[in-house]
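To start, the structure under review is shown below, and the notes come after it.
The values are calculated or read from the model by the stated rules, or taken from the named source; none is laboratory data. All values reported here derive from a predicted model rather than from experimental measurement. Quick reminder, even Gly has a Cβ in these numbers, built from the backbone with ideal geometry, and neighbours come from all protein chains shown.
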Amino acid sequence: MSEYLPPEASGPPQPANVPLRGTEHGAALGPSFYETVGGRPMFEKLVAEFYRGVASDPVLKPMYPEDDLGPAAERLTMFLEQYWGGPGTYSEQRGHPRLRMRHQPFKVNPDARDRWLAHMRVAVDSLDLPPLAEETLWDYLQRAAYAMVNTFDE
Ligand code: HEM
């Protein structure tokens, strides 16, 4: 009798936020990245640390329409939770993310992107995640930030 290897042990590497399913619409075979890294409290901490940096940034802070960054922090937390396999509250409240479209009103040039990423880097470091989880999260944040650039105007 040949030994049965479950797909998670034998298949190709999977994106961390796409759960493997037993059948096409079946239950997820393992915990989501969201659960693995500690759920809501981890994402709240990430975003709180990030916005601490944004609040002191002379380029980014003026871009935020509201003086209070609290509501923006809540939207980013909900988005990240949903993206990584947690509750879908973001889309229940805000609809489809369409993030590039939602960033069109703002001047996201390479300087803004690099500032955004610098604050995110400090925030990610504050979490003390296991190296693989940290790399997975950081890789995504970098790609997302590069994709959000909508102008090269200074
Ligand atoms: C690259 C530089 C970026 C800049 C300068 C930037 C700036 C902003 C600003 C000014 C807002 C409006 C604040 C609000 O009303 O919520 C916003 C919203 C938002 N941003 Fe960014 N952002 C950047 C990248 C990103 C990235 C990479 C992500 C996701 C990984 C992201 C996720 C969001 C989300 C979820 C919202 C709220 C959208 C909504 O539901 O209205 N942003 N961003």
> Which condition breaks for Phe106 when tested against (1) part of a helix (DSSP H, G or I); (2) within 11 Å of the ligand (Cβ to nearest atom)?
Replying inline: (1)
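Residue by residue, here is whether (1) at pLDDT 95 or above; (2) over 20 Å from Ala147 (Cβ atoms); (3) in contact with a helix residue (DSSP H, G or I) (Cβ under 8 Å, 6 or more places away or on another chain); (4) not basic (Lys, Arg) holds:
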| position | (1), (2), (3), (4) |
| --- | --- |
| Glu49 | yes, yes, yes, yes |
| Glu66 | no, yes, yes, yes |
| Leu80 | yes, no, yes, yes |
| Gln104 | yes, no, no, yes |
| Arg113 | yes, no, yes, no |
| Arg121 | yes, no, yes, no |
| Leu127 | yes, yes, yes, yes |
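Look through segment 53-70, keep the residues that are free of Cβ contacts under 8 Å to residues at least 40 places away in the same chain and assigned to a helix (DSSP H, G or I), and return whichever of them is surrounded by the fewest Cβ atoms within 10 Å (Cβ to Cβ).
Among those residues, the one meeting the criterion is Pro62.
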>> Give all pairs with beta carbons closer than 8 Å in which a residue from segment 79-99 that is within 9 Å of the ligand (Cβ to nearest atom) meets a residue that is outside any helix (DSSP H, G or I) and of a type in the set (S, T, N, Q); count only pairs at least 6 apart in sequence or on separate chains.
In response: Tyr83/Asn17
> Of all residues in segment 66-78, how many are among the acidic types (Asp, Glu) and near the ligand (Cβ under 9 Å from one of its atoms)?
Replying inline: 2
> Checking Trp116 against (1) more than 8 Å from the ligand (Cβ to nearest atom); (2) touching a residue at least 40 places away in the same chain (Cβ under 8 Å), which test does it fail?
Replying inline: (1)
> What number goes with the only condition from (1) surrounded by 13 or more Cβ atoms within 10 Å (Cβ to Cβ); (2) within 10 Å of the ligand (Cβ to nearest atom) that Glu49 does not pass?
Replying inline: (2)
